[in-house]
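Everything on this sheet refers to the single structure shown next.
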Amino acid sequence: MLGTTYLAYFEGNAREDRAPAPSLATELPRALHAPLATSLGRFQLGESAGGKIHDEITTLKDVALDAPTRRAVQLYIEEEWRHARELSRVIHALGGELQRTHWTNGAFTACRRLLGLRTKMMTLAIAEVIGIVYYRALAAGLGSPALHGALSCIANEESRHLDFQAAFFERAVELTAPRLREPYRFLLQGLMWAVLVAACAVLWLDHRALLRHVGLRPHAVFAACFGELASRRFLRLCPGATLGAWLKT
């Protein structure tokens, strides 16, 4: 069911790369072009990753993987690559250059490769959370219809990616031996929340000038990120919703 449902979604969501509206550069203050291009460039690097998972998913051994799920994972990664190409168009429209390396991308790559497929998927899931919050904040806060169109589309697709991740981990827990099911769920949840805290801190430290420009403060960024993860069914036993509500106060 998991693989079939999301395979149908990803196949149905295939489309050509979308270029930003020609008005993008003129809708934004000139002084914002360079910092925005630099900030987006770091996300563009992250969106272009995942090649190892894409290539190895067909042969990896995991009880949560059936043939449709394996193909869905591949299409999921390919959709991330499309996001990278679309972000590159936005960056070029702002007069920026693509980045080859950045320490945040290296850190996420290292985390993904630590313990196997599920760690890789978990790290990608947290990256989705960060991306959703970041893209939506910029789409809503910079006053550019062209940027709003480009980033909102990516954010909406990232949200579906996170739904897929939540369903994948729910299936992984369901296939665990009954006596180990709930301990394993709590282990996965604990790891996700730990990685999320670190990722939120990196998001703020690395992009704080731009986030402040759109009116966000650290507690609002953390609340939005925690809310995205806590709203998914897989994490229904977590204290994340309560924590998210507390952060908003």
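Derivation of every value follows stated rules applied to the coordinates shown; laboratory data play no part. Remember, predicted model here, so these are calculated numbers, not experimental data. We place every Cβ from the backbone using ideal geometry, glycine too, and count neighbours over all the protein chains shown.
Things worth noting here:
- Listed residues H83, H213, H161, most fluctuating in the chain (Gaussian network, C-alpha, under 10 Å): H213
- Sites R160 and V197, calculated FRET efficiency, Cβ-Cβ separation with R0 22 Å, nearest 0.05: 0.35
- Only Lys, Arg (+1) and Asp, Glu (-1) charged, at Cβ; the chain dipole about Cα centre in debye: 600
- Relative contact order for the range 27-248: 20 percent, from Cα pairs under 8 Å spaced at least 6 residues apart, divided by residue count.
- If you wrap the range 27-248 in the convex hull of its Cα atoms and look at it from every side, the mean projected area works out to 11.7 nm².
- By the combined test of axial Cα extent (at least 27 Å) and Kyte-Doolittle hydropathy (mean at least -0.5), the qualifying DSSP H helices of the chain come to 117-141, 145-174, 178-213.
- Net charge contributed by nearby residues that have their C-beta within less than 14 Å of L24 (K/R +1, D/E -1): +1
- Our helix-only sum for the chain, with -39,500 (n - 2.57) per DSSP H run of n ≥ 4 divided by its residues, gives a mean residue ellipticity at 222 nm of -25500 deg cm²/dmol.
- Spacing of the modelled spin labels on H219 and T58, each 7 Å from Cα toward Cβ, amounts to 5.2 nm.
- Most mobile of T38, T69, T176 in a GNM of the chain (Cα contacts under 10 Å): T176
- Cα-centre dipole for the range 168-232 with unit charges at Cβ (Lys and Arg positive, Asp and Glu negative), debye to 20: 80
- Fraction in percent of alpha-carbon pairs per bin - 5 Å, the range 140-199: 4, 15, 15, 17, 15, 11, 9, 6, 5, 2, 1
- Choice from R82, R18, R179 with maximal GNM fluctuation in the chain (Cα, 10 Å cutoff): R179
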